[in-house]
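Peer 1: Before we start, here is the structure in question, set down as structure tokens.
Each value in this text was obtained by applying a stated rule to the coordinates, not by laboratory testing. Since the structure is predicted, the reported quantities are computational estimates derived from the model, not experimental observations. Glycine also receives a Cβ, built like all others from the backbone with ideal geometry; neighbour counts cover every protein chain displayed.
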Amino acid sequence: MARSIRVPKPILHLKVPRLPDPNSPEPEVFAEMTLQEHLEELRSRILKIVLAVGLAMIFGFWAAPHVLMQIAEKAGAVGEVDIRSPTDPLTLTFKVGAYIGVAIAMPLIIYQIIAFLAPGLTRKEKRLIYISLPFVSLLFLLGASYAYFVAAPKALWFLKNWNTSVFVWQPDGPELVNFFLTLIIGLGAAFQLPIVMFVLAKIGIISPKKMRAWRKYAIILMLIAAAIITPSTDPFNMAIVAIPLLILYEFGIILSQVFAKTTFRGANAVVADSSTDDV
């Protein structure tokens, strides 16, 4: 006689949180809080952010000397980085460590900000934010990596080899670190362009057709942004920043066309395909 085999039930059940349904017939529910409750909530969020950044800075201070050495290597100035103040070595180490700590804690910082604002958002707004957040982090990481491994080394190579018969390449320490940090933060923020375009198209402010029509104006704005992000003003370094932005703008148009299809009639935007609301 065959014996039946009982399969044990799993001990742990992982429940995956569901995104809010913007088409739910249930009425929107917004949490009402007093001013004191808002301030207490804000205080709690800020304390969690400060604690997370403080813990992450411990690792940042440990990694800062290694990062500074890599910056000097990418600049071709190992052992030749100049300083003006006796405190510059310590100040630069703490500065780089602080930036590393903030970068590590950034996901939690974003979460705390969204959690503070979430009670006042509609289901559609929450869904749009939750969908965009992973791509925001990914694009920032891609932008920062591009700046650290490509843009900054190429820019410094160009500047180092410019008119070498006249100048001796001994970059100033604070200026060199600021050069890297400006490019990393600037390109990390600039790489959010496709997400911004997608959100604007999704909520019906601007259509992909308008994005294509305004391309020439967008190019001018991106060149201005490249000039602001780039610490130097030479065309070579501006091109290193501007070319990825132009590519991202075209990618943003495609992203908006595929995932945020809307039909614009005057000032009002009407959803052309109701299924796109559930992206």
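Peer 1: Could you give the length gained on full extension between Ile243 and Lys160, defined as 0.36 nm per residue of separation minus the Cα-Cα distance, in nm?
Peer 2: Between Ile243 and Lys160, full extension yields an extra 27.7 nm.
Peer 1: A further question follows. In the structure shown, do any of Lys126/Lys202; Lys48/Lys202; Lys154/Lys216 have a Cα-Cα gap over 21 Å, and if so which?
Peer 2: Numbers: Lys126/Lys202 13 Å; Lys48/Lys202 32 Å; Lys154/Lys216 27 Å.
From Lys126/Lys202; Lys48/Lys202; Lys154/Lys216, over 21 Å: Lys48/Lys202; Lys154/Lys216.
Peer 1: Another one. Near the amide H of Asp82, under 5 Å away, which other amide H atoms are found, from residues 5 or more places off or on another chain, if H is placed in the peptide plane?
Peer 2: Here the answer is Asp172, Gly173, since their amide H atoms fall under 5 Å of that of Asp82.
Peer 1: So how far, in whole Å, is the C-alpha centre of the stretch 232-257 from the one of the stretch 41-120?
Peer 2: Distance between centres, Cα-based: 27 Å.
Peer 1: Follow-up. According to a simple spin-label model (label point 7 Å from Cα along Cα-to-Cβ), what is the distance in nm between Glu125 and Leu223?
Peer 2: Each label point is offset 7 Å from its Cα along the Cβ direction, giving 3.8 nm.
Peer 1: Just check the stretch 34-120 against the gyration tensor rule for me: Cα atoms, a ≥ b ≥ c as the square roots of the eigenvalues, rounded for a/c under 1.5, and otherwise prolate or oblate depending on whether a/b exceeds b/c. Don't skip to the end; give the middle numbers.
Peer 2: Values: a/c = 3.84, a/b = 2.88, b/c = 1.34.
Because a/c hits 1.5 or more and a/b exceeds b/c, the stretch 34-120 counts as prolate.
Peer 1: Separation between the Ile83 and Leu141 pseudo-spin-labels, each 7 Å from Cα along Cα→Cβ, expressed in nm?
Peer 2: The answer from the label model is 3.3 nm.
Peer 1: Put a dot 7 Å past each Cα toward the Cβ at Ala189 and Val150; how far apart are the dots in nm?
Peer 2: 2.1 nm
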